[in-house]
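Undergrad: Have a look at this one.
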Amino acid sequence: MINILQIIKTLEETYPNPICALTYKKDYELLFAARLSAQCTDARVNLVTPVLFKRYQTLEEIASADISELEDIIHSCGFYKTKARDIVMASAMLVGEFDGKVPDTMEKLLRIPGVGRKTANLMLGDLFGKPSIVVDTHCIRITNRIGLVKTKDPVKIETELRAIIPPDKSTAFCHRLVLHGRVVCTARNPKCNKCTIFAYCERNMV
Ligand code: SF4
């Protein structure tokens, strides 16, 4: 039987400062940083967004941006054509339908171009302090290894984690999984001998 509360407690002690790795100053900056982070590292995104948000300082400016100039700025993040189009269309929607603010419900967030449940959960948790489950590659890998879930389906993982993680712990728990996944429970060669949740991990119970 997996002891989820003990896992949460141990990760809290191991990673006392579970902040989002993406840097931002305004609500929509986090939204677009998250869009850029698909198939790209947070470190790369954090190099690109200061340039992007210096060139375009308001949502209105992004909404009316020359698309090829914006593409050039975000080019190094990959999938730059799709991402540029999403960012411009999302800016127009935020201005036109949401009073220039990132909305605070899953339903509204999912209407924004380029926003899926992962990004929507990130917004709910980090911008609005609502319980969120951000199912990214680290979350999928580690929760399966630990034995909390037995599926790679992000929606199923979100549902199953919501059922066992206290709501007030869920946002930080997912940030801690990212930290754990980068340093210890890496995709290849996880460092189980240095893992603080080793004793609770199903991978080591066979
Ligand atoms: S014991 Fe190994 S597989 Fe389990 S969470 Fe730790 S690093 Fe990952």
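Undergrad: Cα centroids of the stretch 175-206 and the stretch 41-75: how far apart, whole angstrom?
TA: 35
Undergrad: Taking H as built 1.01 Å from N, whose amide H comes closer than 5 Å to the amide H of Thr186, not counting residues under 5 places away?
TA: Long-range HN contacts for Thr186: Lys191.
Undergrad: Next question. Cut-off is 10 Å between beta-carbons; in what order do Met106, Met1, Met205, Met123 appear when sorted fewest neighbours first?
TA: Met1, Met205, Met106, Met123
Undergrad: Please compute, over every Cα-Cα pair in the chain, the percentage with a separation greater than 30 angstrom.
TA: 26
Undergrad: Can you list residues whose amide H is under 5 Å from Ile197's amide H, if they're 5+ apart or on another chain and H is modeled 1.01 Å from N?
TA: Answer set, sorted by chain and number: none.
Undergrad: Next question, about the same structure. Tell me, in nm to one decimal, what length is gained between Lys81 and Glu69 on full extension, where the rule is 0.36 nm per residue of separation less the Cα-Cα distance?
TA: 3.2 nm
Undergrad: Per DSSP helix of 4 or more residues, -39500 (n - 2.57); summed, then divided by the residues of the chain. What does that give at 222 nm, rounded to the nearest 500?
TA: The per-residue figure over the chain is -17000 deg cm²/dmol.
Undergrad: For Ser91, what is the net charge nearby, where nearby means another residue's Cβ is under 15 Å from its Cβ and Lys, Arg count +1, Asp, Glu -1?
TA: -3
Undergrad: Binning at 5 angstrom from zero up to the longest distance, how are the C-alpha pair distances of the stretch 27-126 distributed in percent?
TA: For the stretch 27-126, the binned pair fractions read 2, 14, 27, 27, 19, 9, 1 percent.
Undergrad: Given R₀ = 30 Å, FRET efficiency for Ala199-Leu110 by Cβ-Cβ distance, to 0.05?
TA: Result of the calculation: an efficiency of 0.20.
Undergrad: Tell me, Thr14, Thr137 in order of fewest to most beta-carbon neighbours within 10 Å?
TA: Thr137, Thr14
Undergrad: What does the extension gain come out to for Ala92 and Thr137, with contour length at 0.36 nm per residue minus their alpha carbon separation?
TA: 13.2 nm
Undergrad: A further question follows. Suppose R0 equals 25 Å. What FRET efficiency, 1/(1 + (r/R0)^6) with r the Cβ-Cβ distance, do Leu47 and Arg188 give to the nearest 0.05?
TA: Once rounded, the FRET efficiency stands at 0.50.
Any read-out appearing in this document is the output of simple, stated calculations on the displayed coordinates, not a laboratory observation. On a predicted model such as this, the values are computed, not experimentally measured, just so you know. Glycine also receives a Cβ, built like all others from the backbone with ideal geometry; neighbour counts cover every protein chain displayed.
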